Amino acid sequence: MAEREDVWRIKLLAWTHDPAEKALILMRGPESHEEAVQPLRQALGLDQAAEEELALVRRADHWASALDRPQHPEEFGRLPKEVHFWEEPELVHPLAGDRYRLSELWEDSRFWIELASFEHVRDLLMQTYGENQCAELSRERAFLSLWRLAPAEAPDKLKLGHLWRLLPADTRVPDHSIWEHLALTSAFATSFVF
């Protein structure tokens, strides 16, 4: 049986496996989008994850992805191999299939977007718990705060407004948000611990 703190560590690792800004930075540089979560993981004390933990999170991510999107859309010729969301931003209603094209979002660099997102999450934790308490924040409280509060308000620097809550987890099938995917991945990861 896993220790309580280990479970919350796994939940946090799973919740931070993809950056919130993934749709905005994907394929905008040589680095993988996973690199963008490293500062947040470091701030949460998760930068030294064991390979077993990372394997568990990868498994949870695969399961969540399988539930998030169609299994074999390429067979039907509908899933493009590369989508540059920042060039042609589009959201799809998950039930009706209606497509909502968004105007050109902005031309900020990947670095600026990642920095604004990280500062937003860090500031959110500090505002919620205070700078002194933030360093001693339990993993449970950190996870619950991020899960509940991070999607609620966009980083001011990015000027996204309500779009922040709708950023897609997968730009090829933009019918579910990154927040839904992160929550589902953390739920699966926790279930795999027991």
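The values are calculated or read from the model by the stated rules, or taken from the named source; none is laboratory data. Bear in mind that the values here come from a model prediction, so they are computed numbers and not experimental data. Quick reminder, even Gly has a Cβ in these numbers, built from the backbone with ideal geometry, and neighbours come from all protein chains shown. Please note that ligands, DNA and RNA were not included when accessible areas were found on the heavy atoms of the full protein model with its side chains. Shrake-Rupley method; radii C 1.70, N 1.55, O 1.52, S 1.80 Å.
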### Pairs with Cβ under 6 Å, 6+ apart, first in segment 42-63 and within 13 Å of Ala189 (Cβ to Cβ), second surrounded by fewer than 17 Cβ atoms within 10 Å (Cβ to Cβ)
Leu56/Phe192
### Query
Just one of Pro155, Pro174 is modelled with pLDDT under 90 and within 15 Å of Pro19 (Cβ to Cβ); which is it?
Pro155
### Message
Between Glu21, Glu51, which is acidic (Asp, Glu) and open to solvent by 30 Å² or more (accessible area, probe 1.4 Å)?
### Response
Glu51
### Query
In segment 116-194, which helices (runs of 4 or more DSSP H) lie fully inside it and hold 2 or more residues that are within 14 Å of Asp68 (Cβ to Cβ) and open to solvent by less than 60 Å² (accessible area, probe 1.4 Å)?
178-193
### Task
Answer yes if at least one residue in segment 127-135 is touching a helix residue (DSSP H, G or I) at 6+ places or on another chain (Cβ under 7 Å), modelled with pLDDT under 75 and not small (Gly, Ala, Ser), and no otherwise.
yes
### Summary
For helices (runs of 4 or more DSSP H) lying entirely in segment 11-109, having 2 or more residues that are modelled with pLDDT under 85 and under 28 Å from Glu119 (Cβ atoms) picks out 22-25
### Query
Which of the residues belonging to segment 126-185 are β-branched (Val, Ile, Thr) and either in contact (Cβ under 8 Å) with a residue 40 or more places away in the chain or within 18 Å of Leu91 (Cβ to Cβ) (or both)?
Thr171, Val173, Ile178, Thr185
